[in-house]
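Colleague: Before I ask anything, let me first share the structure, which is written out below as structure tokens.
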Amino acid sequence: MSGYEIKKIDEMETAFGGAYKRARAELGIEAFGVQVMDFDANEGRYPEHDHSWDGQEELYLVLRGSGEIEIEGARHRLDPETMVRVSAGVKRKVLTGDEPMRLLAVGGTPGRAYEAPEVSKLGAPDVMPPGASSPS
């Protein structure tokens, strides 16, 4: 592997019906998780979750569009001028409004080496969560 990698987001391998770009694997990043997710307008498919099971904290940054992040029941605006960090045990859910949104998510576990989940690896099956539909 070379000392750098350059990739267009729209040319990256995807999962979840094309909504999840495997950015970490495409760029050869091994130290932390990083993915790009595309959401349609008025979408709420991003599951409410926390990372109490693996200790991972996450950083969210909107690359285009806008929406909201619900953190433990309170909604906060997401836009390209706002960065949000969420600790491992805190529940979060991303929602869009009247426009589509492209979201960058960066994650890692403080004090531990990063371990990439299977879904983030190149060539992993394109799984869809139960009841989810492909983005249009």
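Colleague: With a cut-off of 14 Å, note down the residues of segment 83-127 whose backbone N falls inside the zone around a label point 7 Å from the Cα of ARG77 toward its beta carbon.
Modeller: The answer is 83, 97-98.
Colleague: Still on this model: Can you tell me the Rg and the Dmax, both Å, for the Cα atoms in the chain?
Modeller: So, for the chain, Rg and Dmax equal 14.5, 44 Å respectively.
Colleague: Another question, if that's okay. Pairs of Cα atoms under 8 Å, at least six residues apart: use those to get the relative contact order of segment 62-132, whole percent. Working shown, then result.
Modeller: Details: 79 pairs, mean separation 22.2, N = 71.
Value for segment 62-132: 31 percent.
Colleague: Next question, about the same structure. Which value in nm describes the separation of the simple spin-label points at TRP53 and LYS121, placed 7 Å from the Cα toward the beta carbon?
Modeller: 1.7
Colleague: For the cross-link pairs LYS8/LYS91; LYS8/LYS121; LYS21/LYS121, which exceed 19 Å when the distance is taken from alpha carbon to alpha carbon?
Modeller: LYS8/LYS91
Colleague: Fewest first, what order do THR14, THR96, THR82 take by the number of other Cβ atoms within 10 Å?
Modeller: Numbers: THR14 16, THR96 23, THR82 13.
Ascending Cβ contact count within 10 Å gives the list THR82, THR14, THR96.
Colleague: I would also like to ask the following. Normalising by the residue count of the chain, find the relative contact order in percent from Cα pairs under 8 Å and 6+ residues apart.
Modeller: 33
Colleague: Counting other Cβ atoms within 10 Å, keep those with at most 12, restrict to DSSP loop, and tell me which chymotrypsin sites (Phe, Trp or Tyr not before Pro) in segment 1-87 are left.
Modeller: Counting only loop positions with at most 12 other Cβ atoms within 10 Å, the chymotrypsin sites (Phe, Trp or Tyr not before Pro) in segment 1-87 are TYR4, TRP53.
Colleague: Are there trypsin sites (Lys or Arg not before Pro) in segment 1-82 that DSSP marks as loop and that have at most 11 other Cβ atoms within 10 Å, and which are they?
Modeller: Details: sites: LYS7, LYS8, LYS21, ARG22, ARG24, ARG45, ARG64, ARG75, ARG77; in loops: LYS7, LYS8, ARG22, ARG45.
Taking segment 1-82 and a limit of 11 other Cβ atoms within 10 Å, the loop trypsin sites (Lys or Arg not before Pro) found are LYS8.
Colleague: Using the 10 angstrom Cβ neighbour count as an exposure proxy, how do SER87, SER2 rank, fewest first?
Modeller: SER2, SER87
No lab work stands behind these numbers, since they all come straight from the coordinates. All values reported here derive from a predicted model rather than from experimental measurement. Neighbour counts are summed over all protein chains in view; Cβ atoms, including those assigned to glycine, are modelled from backbone coordinates with ideal geometry.
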